[in-house]
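Asks: First the structure, then my questions, so here it is.
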Amino acid sequence: MSTRISWDQVRHVANLARLALADDEVAGLADDLGVILDHAQDVAALDLEGIPPTAHPIPLENVLRPDEVRPSLDRAEVLAAAPEAEDGRFRVPRIMGDAP
């Protein structure tokens, strides 16, 4: 049996999320949210005693390479090839108005 969510509750949540919903959308979401809450109740009813909390079902490892200093391009050579440079950096057009 589905948990019944009232249309008023759906409208209230939609208002909090700043969503405008038509009546047919409210009806559909009431049913969908009821199914979701039923599933949440099923999960809450499980006996999880002795099961450690996890953030991911599979152990993950960092796949990034170690951060090691290596030779790279010469800054002066790179900036010489840039369309514009200023104070040892690339100069690019301002995109966000006059504020610094």
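Asks: For the list (1) acidic (Asp, Glu); (2) closer than 20 Å to Ile5 by Cα; (3) loosely packed, with under 10 Cβ neighbours inside 10 Å, I need the number of the one condition that Glu25 fails.
Replies: Against the list (1) acidic (Asp, Glu); (2) closer than 20 Å to Ile5 by Cα; (3) loosely packed, with under 10 Cβ neighbours inside 10 Å, Glu25 comes up short only on (3).
Asks: For the stretch 70-86, indicate whether the set of residues that are surrounded by 12 or more Cβ atoms within 10 Å (Cβ to Cβ) and either assigned to a helix (DSSP H, G or I) or touching a residue at least 12 places away in the same chain (Cβ under 8 Å) (or both) is non-empty. Can you show your working first?
Replies: Residues of the stretch 70-86 that are surrounded by 12 or more Cβ atoms within 10 Å (Cβ to Cβ), as a first pass: 78-79, 82, 85.
When the remaining residues are screened for being either assigned to a helix (DSSP H, G or I) or touching a residue at least 12 places away in the same chain (Cβ under 8 Å) (or both), the result is 78-79.
The answer is yes, given that some residue of the stretch 70-86 is surrounded by 12 or more Cβ atoms within 10 Å (Cβ to Cβ) and either assigned to a helix (DSSP H, G or I) or touching a residue at least 12 places away in the same chain (Cβ under 8 Å) (or both).
Asks: Residues of the stretch 38-90 being more than 30 Å from Arg4 (Cβ to Cβ) and of a type in the set (Asp, Glu), which ones?
Replies: Glu49, Glu61, Asp67, Glu68, Asp74, Glu77, Glu84, Glu86, Asp87
Asks: Please identify the pairs in which a residue from the stretch 30-46 that is over 14 Å from Gln9 (Cα atoms) has its Cβ atom under 9 Å from the Cβ atom of a residue that is β-branched (Val, Ile, Thr), counting only partners at least 6 apart or on another chain.
Replies: From the stretch 30-46, the pairs are Val35/Thr3; Ile36/Thr3; Asp38/Thr3; Ala40/Thr3; Gln41/Thr3.
Every number in this text was worked out from the coordinates using simple rules, so none of it is lab data. Quantities reported herein were computed from a predicted structural model and do not represent experimental measurements. Cβ sites come from the backbone with ideal geometry, for glycine too, and all protein chains shown count toward neighbours.
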